[in-house]
Amino acid sequence: MIEFHLDTRSGVAPYQQVVQQVRHALRLGLLQVDEQLPTVKEVVKAIAINPNTVLKAYKELEHQGLVAARPGIGTFVIKTLSDDSLPAHGPLRQSLQRWLERARGAGLDEESIEALFRDVLRSSSVEGDA
Amino acid sequence: MTAALEAHSLGKRYGNKWALADCSLSIPAGRVVGLVGPNGAGKSTLLQLAVGLLRPDVGSIALFGEQPGSSPEQLARVGFVGQDTPTYGGWSIRDHLWFGAQMNPGWDQVLAEGRIAELGLDPRQKARQLSGGQRAQLALTLAVAKRPELLLLDEPVAALDPLARREFLQGLMEVVADQRASVILSSHLVSDLERVCDYLVVLVDSRVRVAGEIDELVASHYRLSGPRRERGGLPGNVEVLDERHTDRQSTLVVRTDGQVLDPSWTVEQLGLEDLVLAYMTHAVGEDRRPRLEVRA
């Protein structure tokens with residue numbers, strides 16, 4: 001089962017963080033169809049967050065067609081975001097890890113790595129759109 | 001639906017100083033409200049008016065449509081945890097629960113004992129032997145075992161260390177999830193609020209500066225930065241809350257329901273902490289800095 005965490009300094013609204021974490025897990029295949037999300041009470045107890053926030057996040061995921069509430073039981077995944085590309089994740093992750101080692105070896109800190117990655121991602125997607 | 005708390009032009013005066021003035025609020029039921037402001041802003045006064053420990057000098061206040069303290073039934077609907085989470089030092093935990101059961105018709109002994117067991121506390125322990133965090137949990141247990149519809153807490157976590165604070169808030173949020181209670185929680189720690197609250201009331205200098213759903217507040221406040229200029233030129237629906245200028249740069253904090261389209265401004269969404277601070281800084285003179293603690 002997925003475990004949530006909350007970063008109160010990120011500036012991202014707490015319910016959005018929950019939504020993103022579920023989407024993230026679905027995308028990476030860490031959550032599968034028919035798997036149950038933690039109950040509102042479990043989330044509340046684990047990370048001291050407002051239950052309305054969890055409800056709002058689950059409603060948003062329901063609206064996106066990713067989960068469904070079964071009354072009295074809980075909320076379940078009905079659609080995954082991982083696709084045929086999932087088998088390719090492993091090798092890609094490995095080569096990314098090697099790239100990261102090289103970046104660190106060259107003296108880049110986390111912020112520089114992130115900035116570089118985002119910049120390349122953005123410029124390559126702009127080229128792709130053009 | 002009846003508001004959990006409704007106040008109209010509410011005011012309370014001590015001598016000739018207004019502790020709370022011209023306070024009008026309408027807080028829907030089911031919310032977890034953060035009541036923030038510097039020390040002495042009127043937070044405790046508002047809570048004590050709500051719980052019926054104080055009477056208004058002007059205006060009115062009602063909880064679920066009823067005047068605070070108007071009947072035993074009304075009192076049973078409200079739980080209160082005062083500042084410093086009061087308990088009786090010489091009494092055991094069991095004595096506290098017994099007293100709670102005698103005083104409250106709707107007392108839920110199973111809930112009370114369950115919470116004490118879950119906290120790993122021995123009911124024979126005296127309150128003075130408990131840590132600050134445990135005492136706070138005991139006070140919370142007493143307030144929630146009467147199964148209130150509205151729970152009022154005055155700075156419940158201010159004196160606790162970060163771990164005890166987190167545990168207290170976990171317990172509180174569990175109660176909200178289980179009992180669907182509304183909560184009004186005063187605090188001068190902004191960082192806890194984003195986690196647990198969905199409604200915000202900022203009090204400064206005895207007055208309500210801003211009140212509303214946190215999501216809506218965050219979505220309507222921005223920081224604008226750009227080359228130095230005067231504030232003129234902004235559309236009429238943009239309210240400037242705070243402005244700072246250096247030789248080269250101007251930074252404004254604004255509230256608007258629309259969008260700022262002028263491309264010479266860099267527009268950023270304002271976090272909750274910055275939003276609260278903007279209202280507090282704006283309201284006081286330069287020699288009177290608000291005493292608000294912001295913790296990471």
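Structure notes:
- Calculated mean residue ellipticity at 222 nm for chain A: -19000 deg cm²/dmol, from DSSP H runs with n ≥ 4 weighted as -39500 (n - 2.57), summed, divided by the residue count and rounded to 500.
- Between A:GLN32 and A:MET1, the simple spin-label model (points 7 angstrom out along Cα→Cβ) gives 1.8 nm.
- In summary, the convex hull built on the alpha carbon positions of the protein assembly as shown has an orientation-averaged projected area of 27.5 nm².
- Given 14 as the ceiling on other Cβ atoms within 10 Å, longest exposed-site-free region of chain B for trypsin sites (Lys or Arg not before Pro) in DSSP loops: B:1-123
- Scanning chain A for trypsin sites (Lys or Arg not before Pro) that sit in a DSSP loop and have at most 14 other Cβ atoms within 10 Å, the longest stretch containing none of them is A:10-78.
- Along principal axes, Cα extents of the stretch A:86-129, largest first, whole Å: 33, 26, 12
- Relative pair counts by distance (%), Cα atoms of chain B, 5 Å bins: 1, 5, 11, 14, 16, 14, 13, 9, 6, 4, 3, 2, 1, 0
- Toward the positive end of the charge dipole of the stretch B:60-171, with +1 on the Cβ of Lys and Arg and -1 on the Cβ of Asp and Glu, the farthest Cα among B:ALA143, B:SER92, B:SER71 is that of B:SER92.
- Cα gyration tensor category, rounded, prolate or oblate, for the stretch B:220-283 with a/c compared to 1.5: oblate
- Pairs of lysine residues in the protein assembly as shown - Cα separation under 17 Å, sequence separation of 8 or more or cross-chain: 6
- Helix A:14-27 and the longest principal axis of the Cα set of chain A meet at an angle near 70°.
- Calculated FRET efficiency for the pair B:ARG180/B:ARG128, C-beta based, R₀ 25 Å, to 0.05: 0.15
- Neighbour-limited loop hits for chymotrypsin sites (Phe, Trp or Tyr not before Pro), the stretch A:1-89 (at most 15 other Cβ within 10 Å; DSSP other than H, G, I, E, B): none
- Under a model in which nothing but the beta-carbon of Lys, Arg (+1) and Asp, Glu (-1) is charged, chain B shows a dipole of about 740 debye around its Cα centre.
Computed from the coordinates by the stated procedures, all read-outs in this text should not be read as laboratory data. From a predicted model like this one, the values you see are computed outputs, not experimental measurements. Glycine also receives a Cβ, built like all others from the backbone with ideal geometry; neighbour counts cover every protein chain displayed.
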